[in-house]
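What follows is one structure encoded as C-alpha cells, with my remarks underneath.
The values are calculated or read from the model by the stated rules, or taken from the named source; none is laboratory data. Keep in mind the model is a prediction, meaning the values are calculated, not measured. Methodologically, a virtual Cβ is constructed for each residue, glycine included, from the backbone with ideal geometry; neighbour enumeration extends over all protein chains shown.
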Amino acid sequence: MAEPTQTRYRVEGMDCASCAAKIDTAVRRMPGVEDVSVSVTAGTMTVRHNGASDLSAIARKVTGLGYSVAELAGKSTNPVPMPAHASCGQDHGHREHAHEHHQAHNHPNPTSHTHSHAGHPASTGSPRAEGLHGYDHGPATGPWWASRKGKLTIFSGAALVAACAVGHLVPSVTPYAFVVAMLIGLVPIARRAIMAAMAGTPFSIEMLMTIAALGAVIIDAGEEAAAVVFLFLVGELLEGVAAGKARQSIQSLAALVPKEALLERNGQTRTVPAESLAVGATILIRPGDRISADGVILSGESAIDEAPVTGESTPVRKSVNDTVFAGTINGDAALRVLVTATAADNTIARVVKLVEEAQESKAPTERFVDRFSRYYTPCVMVVAALVAIIPPLLLGGIWGEWVYKGLAILLIGCPCALVISTPAAIAASLSAGARRGLLMKGGAVLETLGTINTVALDKTGTLTEGKPKVTDVIGFGHSQAEVLTFAAALETGSSHPLAKAILDRAAADKLTIPTASEAKALGGKGMTATVGINPVFLGSPQAAGEHVALSIEQSALITALNDEGKTVSVLIINDTLAGAIAMRDEPRADAKSGLKALTDAGVRIVMLTGDNRRAASVVASELGIEVRAELMPQDKQRIVGELKREGLIVAKVGDGINDAPALAAADIGIAMGGGTDVALETADAAVLHGRVGDVAELIKLSKRTMTNIRQNITIALGLKAVFLVTTIAGITGLWPAILADTGATVLVTINALRLLAPARNA
C-alpha cells in the first residue's frame, strides 16, 4: 500500500465557507482520498491521499464546481513545525555551580546555529513559490473587475440595464428581456448547483438561488428574478473582496522578504535573487536594508527592527553569533550574516505556512455550525415549501402570493452568513496574531485559550533571561576591575554561559583583557591559567577551599550570595584569595507586568522548574508567584496532570526540551520564542518574541475572537429572523430577501475583519 501523501492546491474563487464545504464534500468522495482541508482565507486546499488518487481528476472535480485550481509546488508527508528562533533555551537549572569547562574554550562555530530541516517538504518548484505557498502571487491576480466573477457581475448588471431600456422601448417584450437578463447570470449559477448536487451537496446556496429565480419566472416575476440574480452576484463579489482583505494580512507578511540579496564570495559582493541563497552562504546587510534570509551574524553590531516579524516595538541590539530573521530591518551598521535557512524555510515562510494550516483546521464552534447548517438548509427548503403550499391549499390563500413568499424565504434562508461567521473570525484572529508574533496551530487552540484559568511557567528562559549576568564583583585585597580582568582572561574563548556572563561584564566595563596561557580545565572544579607571570585559578568556592583557606567573613559573604540565588566563582591569584564574582539568571524585564496581566485576568500562576529550590524561590518571591522546584521532565508532566484533575484548564509555557512532555500534557502548550525546535513542535501555540505578557495577549485575543463569533452568529440569525417575519407578513419580498442574505454575509465578514486591528487597551 502506498504511503499517504499530502498535495496542496491553490483554489481561486472561494469566498465563503459554503464554497469550502462543497469542495470538501466533492473531493472527499474521490478514490484514494483520505482527508481534505480547505481554507477559504488562504485560498488553499490540502488533500491527503494514497497512490490510488488521480490528481488530475481531483483538479477537474474542483474546476467543475466553478473554481480555478492549481497544484502548488512541493508535497509533504510530515507537518511543518512552528518557526524556531534558536536552538537553545532548555531549563539549564544551574544548581550548585561546578563551573566545568570541558571542551569549553573553543571559539563557537557559527554554523552550529543552523537548524536541521530534514523534516520539511522538499520544494520541487522555485523555493520562493513553495516557501511562501503562493502568497507572492495571491489567490486572485488583478483588480476585482478583471476577475471572472467580476466580469460576470458587470455583464449581468449591463444585461439588466439593457432589459429595462428594451422594456421601455418595446413594452410587449419586457418579460422576455428580463428572462434573458436573468439567464445570463443564472446559467453559471445553475451549472455550479448541478455540479455540487452531483458531488454530494444538493442543498447549496446556488441550488436555493436557482430554484428561487426559476420559481419567480414561473409566477411571472421575471423582473425581480433578474434583479435578484444580479444582487446575488454582487453579494458574491463583495464576499470575495472582503475575503481578500483577510488574505492581504498574510500577503503583506510574505512581501516583507526582499527579492534580492548581496552575496559575499571570495572578498567580492554581488546582487543575487534572495530565493537562490543556500545554507552556509555569507550575505552583506547594509544599514537600513531588510535582511534577506534567516542567519547568524558573523561580524558587525547593529540595532535590528524586528517589529515586522515579531511585533517587538523596540529595536534589538545584536552582535556576533546572534540570530537574525528574514524580513527584519538592519539599523545603523553593516552586518555580515551566515545564512541558516533557505527562502523556502525561513521564519516568515514557516509562519505563513503555519497560519495557512491553522486556518484549515476547524474550531469546535465551527464544526458545530457546519453540522447545524447541514440540517438548517434542508429545513429552510421544507419551511419555504410549506409556506408556498399550505395557505393556498388549506386556507384559501392566493397561490401566486404565497409561492412568492416561499421563494423569498428560500433566499432568506441561504446559510452563507451563518456558515462564514466562525471561520472568518478565526482566520482574521490567526492572521492578526501572526502579525504580532502570536502563533496558534488552529481554531481549536484559539478557542480553548480563552478558557484557560491556570498557567504553569518554566523559569529559565521563560520567566528569566535564560543566561546568567554578573550581579556582584567583590575584591579581597584587589580592586573590582582587577578581579574582573583576571577572571575574563581565563574565560576568553569559552562558550560556557557563566564564562560569557563574565566576558560580557568585562566588555561593558571596557576593560583591557590580558592574554592567558597554559589554560587547563579542572573537571567539576574550575580552571587554571597563567596571566602574565601570575598563576590564576577561577572556580567554585568548594574547589577554592582546596587551595586557600576562606575566612569566616568570606564564607559568610559567599553563603549570603548563594541564599540570594546567585552562583559564586572565586578567584585565586598567586595562591592568594583575590576576589569573588556572583552571577544570577535575572527575571525578564517584562516578567512582572506580564504576570500581573495574567493575574488581573483571574489566572492562577505556578512556576515549574528543574532549577535548585533556593534559586527558584528567590525568583518566585521577587515575582510573587507559587513555585515547585528541582523537577525532572516527568515531574512537570505529572504536576500538569494533577492540576487538570482538579478541574483546572491548564496552559504550560516553556522553551526547553525538558518542557516538551508537560507542553503535550497541558490543555494548551505555549512555546516561548527562544525555545528549542522540540518545544515548538510539541506546543499548540508560540510567542515569537518571548515576552511573558504575550501569554496574556493570547488569552485576550481568544476572548475577543469568541465575542466576535457570537456577534456574527447573532447578526446572521437575527437578520434572517426579522426578514422571515416581514416576508410572511407581506412587508418584504425577493429583493429585500437577497439583500438581507448578502448584507448579513458582508456585515459578518467586516465584523470579523475588525480582529485584524490591534486590540485597544482596557
Out of Ala434, Ala456, Ala427, Ala444, sole residue that is touching a strand residue (DSSP E or B) at 6+ places or on another chain (Cβ under 7 Å) and either in a loop (DSSP other than H, G, I, E, B) or small (Gly, Ala, Ser) (or both):
Ala456
Quick one: in the stretch 28-67, which of the residues that are free of Cβ contacts under 8 Å to residues at least 60 places away in the same chain and closer than 26 Å to Ala428 by Cα is surrounded by the fewest Cβ atoms within 10 Å (Cβ to Cβ)?
Asp35
Helices (runs of 4 or more DSSP H) fully within the stretch 517-629 counting 3 or more residues that are surrounded by 14 or more Cβ atoms within 10 Å (Cβ to Cβ) and not assigned by TED's automatic domain parsing to the domain that holds Ala662
541-544, 552-563
Determine if the stretch 442-451 includes at least one residue that is under 26 Å from Arg691 (Cα atoms), crowded, with 20+ Cβ neighbours inside 10 Å, out of contact with any Ser or Thr (no Cβ under 9 Å at 6 or more places or on another chain) and not hydrophobic (A, V, I, L, M, F, W, C).
no
Scanning for something under 16 Å from Val320 (Cα atoms), in the same structural domain as Val568 (by TED's automatic domain parsing), of a type outside the set (Lys, Arg) and assigned to a loop (DSSP other than H, G, I, E, B), does the stretch 477-493 turn up at least one residue?
yes
With criteria (1) closer than 27 Å to Leu238 by Cβ; (2) surrounded by fewer than 17 Cβ atoms within 10 Å (Cβ to Cβ); (3) touching a helix residue (DSSP H, G or I) at 6+ places or on another chain (Cβ under 9 Å); (4) at pLDDT 80 or above, Val725 comes up short on (3)
